[in-house]
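Chemist: Please read through the structure below; I'll follow up with questions.
No value in this document is a laboratory result; all are computed from the given coordinates. Note that the structure is a prediction, hence the values are computed from the model and not measured. A quick note on method: Cβ atoms are made from the backbone with ideal geometry, for glycine too, and the neighbour counts reach across all protein chains shown.
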Amino acid sequence: MIRSELIQKVYDDFDRLIATEPGDGRPTQAHAERVVNTIFSEITEALASGNRVELRGFGAFSVKHRDSRTGRNPRTGESVPVSEKSVPFFKTGKLLRDRLNDK
Amino acid sequence: MSDKTLTRMELSEAVCREVGLSKIESAQLVEAVLQHMSDALVAGEPVKISSFGTFSVRDKNARVGRNPKTGDEVPIEPRRVLSFRPSHLMKDRVAKGNQD
């Protein structure tokens, strides 16, 4: 599933879930797109500010800090300094992990 | 760097603010998004969100594990695990935002 397919599914949910009209008229596919984009950009911005995002049952996004280290160019064997950095990390939630394994 | 934990609540509030839907509707839509993603993954389908990252399901073979405390051998059943690979954009954003 890609972003556009997710947006389509959310748009299909509008009939079932939305009674009121958004501020600017009838709910359209553009609103579904904003729903999906807002969720992902909110998660990215939270991580960029060093925060965690915990979505019970689905999983948790957090930031892991990696110390600086001496890496190696695998082709030449030359050592290259790799500076410390922060990387995004996702841990699957228990419910989803169980569902993946038919529990 | 702050140290907060965001939940469905903050995501719903953001949807409410950005899209202009009610709080309840926003909360239900956040839930619907997570549900659609979970359903695709449970069906074994990867979820690729451009400029965010890719969630994919991998099969792990059975192996013999060990209880690190007692050293006892424990069989580990074959299982399916979820992995998340952040996009370059997400990695750059997180690295830049957390620079000290």
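Chemist: Quick one: what are the phi-derived ³J(HN,Hα) couplings along segment B:45-59, Karplus 6.51/-1.76/1.60 with θ = phi - 60°, whole Hz, x for glycine and proline?
Modeler: 9, x, 10, 10, 10, 4, 6, 10, x, 10, 9, 9, 9, 10, 8
Chemist: Tilt of helix A:3-17 relative to the longest C-alpha principal axis of chain A, in degrees (0 to 90, nearest 10)?
Modeler: The two axes meet at around 30 degrees.
Chemist: May I pose another question? Roughly how tilted is helix A:29-48, in degrees to the nearest 10 and between 0 and 90, from the longest Cα axis of chain A?
Modeler: Its long axis makes an angle of about 30 degrees.
Chemist: Using helices alone, what [θ] at 222 nm do you get for the protein assembly as shown, with -39,500 (n - 2.57) per DSSP H run of 4 or more residues, divided over all residues and rounded to the nearest 500? Before the final figure, lay out the partial values.
Modeler: On the way: 6 runs with 84 residues, N = 203.
When only DSSP H runs of four or more count, the value is -13500 deg cm²/dmol.
Chemist: Tell me the relative contact order for chain A as a rounded percent, counting alpha carbon contacts under 8 Å between residues six or more apart.
Modeler: Values: 106 pairs, mean separation 20.3, N = 103.
Reported as a whole number, the value is 20 percent.
Chemist: Quantify how strongly other chains surround peptide B:53-64 by giving the mean number of their Cβ atoms within 10 Å of each of its Cβ atoms. Provide the component values of the computation, followed by the final result.
Modeler: Numbers: counts 6, 1, 5, 0, 1, 1, 0, 0, 0, 0, 0, 0.
Counting other chains' Cβ atoms within 10 Å and averaging over B:53-64 gives 1.
Chemist: Once a ≥ b ≥ c are taken as the square roots of the eigenvalues of the Cα gyration tensor of segment B:2-100, is the result rounded (a/c under 1.5), prolate (a/b larger than b/c) or oblate (a/b not larger than b/c)? If you can, show how the numbers build up before the last one.
Modeler: Working: a/c = 2.13, a/b = 1.72, b/c = 1.24.
Prolate shape, in that a/c is at least 1.5 and a/b is the bigger ratio.
Chemist: Here's something else I'd like to know. Once the dipole of the protein assembly as shown is set up with Lys and Arg at +1 and Asp and Glu at -1 on Cβ about the Cα centre, which of A:ALA19, A:VAL87, A:ASN73 lies farthest towards its positive end?
Modeler: About the Cα centre, the residue reaching furthest to the positive side is A:ASN73.
Chemist: Here is a follow-up. Compare the Cα positions of B:GLN35, B:PRO86, B:GLY71 along the charge dipole of chain B (+1 at Cβ of Lys, Arg; -1 at Cβ of Asp, Glu; about the Cα centre) and return the one farthest towards the positive end.
Modeler: So the residue furthest toward the plus end is B:GLY71.
Chemist: Quick one: of A:LYS9/B:LYS91; A:LYS91/B:LYS60; A:LYS64/B:LYS96; A:LYS91/B:LYS91; B:LYS4/B:LYS91; B:LYS48/B:LYS96, which pairs are farther than 18 Å apart, Cα to Cα? Don't jump to the answer; show the numbers that get you there.
Modeler: Working: A:LYS9/B:LYS91 27 Å; A:LYS91/B:LYS60 16 Å; A:LYS64/B:LYS96 13 Å; A:LYS91/B:LYS91 16 Å; B:LYS4/B:LYS91 20 Å; B:LYS48/B:LYS96 23 Å.
Pairs exceeding 18 Å: A:LYS9/B:LYS91; B:LYS4/B:LYS91; B:LYS48/B:LYS96.
Chemist: For chain B, which trypsin sites (Lys or Arg not before Pro) pass both filters: DSSP loop (anything but H, G, I, E, B) and at most 10 other C-beta atoms within 10 Å?
Modeler: Numbers: sites: B:LYS4, B:ARG8, B:ARG17, B:LYS23, B:LYS48, B:ARG58, B:LYS60, B:ARG63, B:ARG66, B:LYS69, B:ARG79, B:ARG80, B:LYS91, B:ARG93, B:LYS96; in loops: B:LYS4, B:LYS69.
Here the sparse-neighbourhood loop sites are B:LYS69.
Chemist: About the Cα centre, and with charges only on the beta carbon of Lys, Arg (+1) and Asp, Glu (-1), how big is the dipole of chain A? Nearest 20 debye, please. Present the calculation step by step, with values, prior to reporting the outcome.
Modeler: Details: 18 positive and 15 negative charges, 141 e Å.
Here chain A has a charge dipole of around 680 debye.
Chemist: With angles folded into 0 to 90 degrees, how steeply does helix B:88-97 sit against the dominant principal axis of chain B? Use alpha carbons for both and round to 10.
Modeler: The angle comes out near 80 degrees.
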